[in-house]
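The values are calculated or read from the model by the stated rules, or taken from the named source; none is laboratory data. Everything numeric here is computed off the predicted structure, so don't read it as measured data. Reconstructed Cβ throughout: ideal geometry from the backbone, glycine too, with neighbour counts over all protein chains shown.
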Amino acid sequence: MRLKKEGFKKKLIIGRKIQKICDKFEVKFLINDDVYLAKKLNADGCHLGQKDMNILEARKIIGKKIIGITCHNSIQLAKNAIKNKADYLAFGAFNSSKTKKVKYRASINLLKKARMMTKTPIVVIGGINSKNYKNLLLNKANFLAISGYIWKNKKLKPKNAIKKFI
């Protein structure tokens, strides 16, 4: 759940609804940026950006839950995340994105290099759509973070956009 502009109480209300849906479909429920909200909702884990709480502090709060770390386009950030026992590494943006301004551009070479140095799952982000996702998977990305193509697609409703990946 990624809600940047909502307050804690509103996130709690929305989070409880999303959690029920995730439970129903047996899908992991992760909270973006907010370890305390993840704990309060008993979510499966959280995702931390480089400006969020340190992974070691987060681990003290949510224990053995999933913690993923944004690594942008940096092998050094990935090495630090691995050293601190991150459950997954997130790299990107791989493409231009409608969801947020692209500050860091990741490449297939970076993905290959990261895959060679670790078995830690890798999540790829940034402008992923039905035309460019296969190359990321072929280069050993474990997960795709897809937002804009599904929720901001002018041609397809969310359900039909998702079907393009099946």
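Tell me, please, whether a residue that is polar (S, T, N, Q), in the same structural domain as Lys113 (by TED's automatic domain parsing) and without any contact (Cβ under 8 Å) to a residue 40 or more places away in the chain can be found in the stretch 65-72. Let's see the steps before the verdict.
Here is the first cut: in the stretch 65-72, the residues polar (S, T, N, Q) are 70.
The next check asks that each one be in the same structural domain as Lys113 (by TED's automatic domain parsing); those that pass are 70.
Those left that are additionally without any contact (Cβ under 8 Å) to a residue 40 or more places away in the chain: 70.
Checked the stretch 65-72: at least one residue is polar (S, T, N, Q), in the same structural domain as Lys113 (by TED's automatic domain parsing) and without any contact (Cβ under 8 Å) to a residue 40 or more places away in the chain.
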Task: Residue list for the stretch 60-79, restricted to those being in a loop (DSSP other than H, G, I, E, B), over 17 Å from Phe91 (Cα atoms) and of a type outside the set (D, E, K, R) - done: Gly63
Open item on the list: I'd like the residue in the stretch 7-37 that is outside any helix (DSSP H, G or I) and charged (D, E, K, R) and, out of all such residues, is nearest to Gly63 (Cα to Cα).
Closed with: Asp34
Task: Check on Gln76, within 30 Å of Asn135 (Cα to Cα) and either in contact with a Ser or Thr (Cβ under 7 Å, 6 or more places away or on another chain) or not assigned by TED's automatic domain parsing to the domain that holds Lys134 (or both) - done: no
TODO: Just give me the residues in the stretch 76-110 being modelled with pLDDT of 95 or more and either at positive phi or among the β-branched types (Val, Ile, Thr) (or both), in sequence order.
DONE: Ile82, Lys85, Ile108
Open item on the list: If Glu57 satisfies all but one of (1) of a type outside the set (Gly, Ala, Ser); (2) assigned to a loop (DSSP other than H, G, I, E, B); (3) closer than 18 Å to Val35 by Cβ, what's the number of the condition it fails?
Closed with: (2)
Task: The one condition in (1) of a type in the set (Val, Ile, Thr); (2) within 19 Å of Gly49 (Cα to Cα); (3) over 14 Å from the mean Cα position of the chain (by Cα) that Ile122 fails to fulfil - done: (3)
Open item on the list: Take Ile128 and tell me if it is more than 23 Å from Val35 (Cβ to Cβ) and not assigned by TED's automatic domain parsing to the domain that holds Leu3.
Closed with: yes
